[in-house]
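A quick write-up on the structure given underneath.
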Amino acid sequence: VSRYVARPLLIDGYKFDLRLYVAVSSFEPLRACASSRRGAAKEERSGGGTRPAAESRYVFEEGLCRFSTARYSDPADGGSAADADVFAHLTNYSINKRSSHFVPNADAADDGFGSKWSLSALKRCLARNGVDVAALWRRVDDLLLRTLIE
């Protein structure tokens, strides 16, 4: 389910979305595969409202951050119809790869460059810009768990 966010968080003026990956081994009962921060994998039972232990992870450590290929201009702030460019409002790869401004990233070591970043690169960028990434990710983890339980 998606909801359009009128005033999105921007990175250098561009909208972005996230691709996060959650390992779910069973929905009835709900079980999310967890790996500790030390890397040992184990099963966590999340059904019945039981939350995985704080040191457990059911979200893969990496993911993708996909960027729009045109700068965002909020129509509520006086943006013109010309600013209502599909490339500024949508982050879908299938759309943005057709943009003349799409920048492929061919070097995995330079993961904070181009129209697709790694999740690690996004976290580094957010931290450089004063975001408490650990607190943000606790909220994301909580949201993901609640999404699975619902």
Practice prompt. Mind ranking Thr147, Thr69 by accessible surface for me, highest first, 1.4 Å probe?
Written response: Thr147, Thr69
Worksheet item: Between Phe113 and Ser94, 0.36 nm times their residue separation minus their Cα-Cα distance comes to what?
Response: 5.0 nm
Worksheet item: Using a Förster distance of 35 Å, how high is the FRET efficiency between Val103 and Asp74, based on the Cβ-Cβ distance and rounded to 0.05?
Response: 0.90
Worksheet entry | Amide hydrogen neighbours beyond the local backbone of Arg31, cut-off 5 Å, H modeled | Ser25, Ser26, Ser46
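What per residue convex hull volume, in Å³, do the alpha-carbon atoms of segment 74-150 yield?
Normalising the Cα hull of segment 74-150 by residue number yields 169 Å³.
The values are calculated or read from the model by the stated rules, or taken from the named source; none is laboratory data. As the structure is a prediction and not an experimental result, all values here were calculated from the model. All Cβ positions, glycine included, derive from the backbone under ideal geometry; neighbour counts span all protein chains shown. We work out accessible area using only protein heavy atoms, side chains counted, and drop any ligands, DNA or RNA first. Shrake-Rupley method; radii C 1.70, N 1.55, O 1.52, S 1.80 Å.
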